[in-house]
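Have a look at the structure below, then the notes.
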Amino acid sequence: MDRERFSGCLIGQCLGDALGYPVEGLPPEHCRRYVEETLRGPAGPTVGRGRFPFGQYSDDSQLARELLQSYEACARFDPEDYARRIAAIFAEDRIVGRGLATARAAHRLAQGVPWQEAGTPSPAAGNGSAMRAGPVGLLFHDDLARLEQVADEQGRITHLDPRCSAGAAVIARAVALALAPETVDAGQWSEHLSSSARPFAPEFAADVMRLPEWVGLTPASAVEEIRRCGRPDAKHEWPGISPFVVPSVLWSLYAFLRTPEDYWETMCTAIEVGGDVDTTAAMAGAISGARVGLQRLPLDLASQLTDQGTWGHEELVGLAHRCHYSKHEVGVLGTARP
């Protein structure tokens, strides 16, 4: 598998995150205007958020990057090492845009709680475990059982609700499917993705099976269906798509499946409906980047990626390429160093 798809996945996620971060949590009308006037405008995106310049990505991509760093260091997925990294990035106040459930789990980890017990329990079911699961699809795309196991394990470090494990497995599986050369078919994808969600959350899996139906709808119509998934009677405290794992994962998939060969349009769809749009764009961006590869991303914008002055475009690409080499050339997938 081409290493450009590895780096495309990571850069696609970080850039999607950076594109959505300036309007995270804002209402649909504001995000639609941002898409039409800024993302599709002649000047393109230039404005950041608060003290952060354009190009800053948030916790979604910071924690996905940490997962790849852990894999590189251990030559396998080691949940204890990854848990230490999650604890450290919070304790050292390097995290940007922290999620509440993840922050609570990170605090427990820092206090010495084992990773298997530190996760925030149900009914908390945010998208913190799914938003960072893209690299799992890269690293285990050729081993479905291991992909689903690692998606679950990395998710349970911070989130114990089974719907969160289902969301992580679905995003990881979507990245794995995006790497395949076959034409993207929404019906086939929904069957594969639903099968990865079903062991954790059967109702979530049933919602995934509705993706082909929704892909035929306009975003304005589809969002009204998707935003209610998982808790149809609940009041929506967030405009647009909330951080609840079920609708945010489904919206990311909808955005990708609408335009599977067009990264930029996928990002516009992910963001235009408002709400937790840095996360929806990050997840959709990981899938789209894995599909189209690094060279089909807007590299002029990707070159501006930063994490508070560190981990920019070149460093991220280097990390992705080293992980690709570790998996495909050295052949250490799933094994420990002697």
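The values are calculated or read from the model by the stated rules, or taken from the named source; none is laboratory data. Every value quoted in this text rests on a predicted model; they were computed, and no experiment measured them. Cβ atoms come from the backbone with ideal geometry, glycine included; neighbour counts cover every protein chain shown. Keep in mind that these areas ignore ligands, DNA and RNA; they rest on the heavy atoms of the full protein, side chains included. Shrake-Rupley method; radii C 1.70, N 1.55, O 1.52, S 1.80 Å.
Being aromatic (F, W, Y), free of Cβ contacts under 8 Å to residues at least 40 places away in the same chain and either touching a helix residue (DSSP H, G or I) at 6+ places or on another chain (Cβ under 9 Å) or surrounded by fewer than 24 Cβ atoms within 10 Å (Cβ to Cβ) (or both): is that true of F90 here?
It is true that F90 is aromatic (F, W, Y), free of Cβ contacts under 8 Å to residues at least 40 places away in the same chain and either touching a helix residue (DSSP H, G or I) at 6+ places or on another chain (Cβ under 9 Å) or surrounded by fewer than 24 Cβ atoms within 10 Å (Cβ to Cβ) (or both).
Go through region 157-178 and report how many residues are open to solvent by 10 Å² or more (accessible area, probe 1.4 Å) and within 9 Å of G137 (Cα to Cα).
3
Taking R98 as meeting all but one of (1) in contact with a helix residue (DSSP H, G or I) (Cβ under 7 Å, 6 or more places away or on another chain); (2) closer than 18 Å to M283 by Cβ; (3) open to solvent by less than 60 Å² (accessible area, probe 1.4 Å), write down the number of the exception.
(3)
Answer yes if at least one residue in region 179-193 is hydroxyl-bearing (S, T, Y), under 27 Å from Q295 (Cα atoms), surrounded by fewer than 21 Cβ atoms within 10 Å (Cβ to Cβ) and free of Cβ contacts under 8 Å to residues at least 40 places away in the same chain, and no otherwise.
Yes, that holds for at least one residue.
So, T218, is that one surrounded by fewer than 24 Cβ atoms within 10 Å (Cβ to Cβ), out of contact with any Lys or Arg (no Cβ under 9 Å at 6 or more places or on another chain), among the polar types (S, T, N, Q) and within 28 Å of L299 (Cα to Cα) or not?
Judged against the criteria, T218 is not a match.
For region 166-253, which fully contained helices (runs of 4 or more DSSP H) count at least 1 residues that are modelled with pLDDT of 95 or more and under 29 Å from F77 (Cα atoms)?
In region 166-253, the matching helices (runs of 4 or more DSSP H) lie at 186-197, 202-208.
Which one is nearest to T269 (Cα to Cα), of the residues in region 38-49 that are in contact with a helix residue (DSSP H, G or I) (Cβ under 8 Å, 6 or more places away or on another chain) and among the hydrophobic types (A, V, I, L, M, F, W, C)?
It comes out as L39.
Within region 1-15, how many residues turn out to be open to solvent by 10 Å² or more (accessible area, probe 1.4 Å), in a helix (DSSP H, G or I) and within 12 Å of Y325 (Cα to Cα)?
2
Answer yes or no as to whether V35 is in a helix (DSSP H, G or I), of a type in the set (V, I, T) and either over 30 Å from T269 (Cβ atoms) or in contact with an Asp or Glu (Cβ under 9 Å, 6 or more places away or on another chain) (or both).
Against the criterion (in a helix (DSSP H, G or I), of a type in the set (V, I, T) and either over 30 Å from T269 (Cβ atoms) or in contact with an Asp or Glu (Cβ under 9 Å, 6 or more places away or on another chain) (or both)), V35 qualifies.
Consider R132 carefully, then state whether it is charged (D, E, K, R), touching an Asp or Glu at 6+ places or on another chain (Cβ under 7 Å) and at negative phi.
yes
Could you tell me whether region 245-266 includes any residue that is touching a residue at least 12 places away in the same chain (Cβ under 8 Å) and basic (K, R)?
yes
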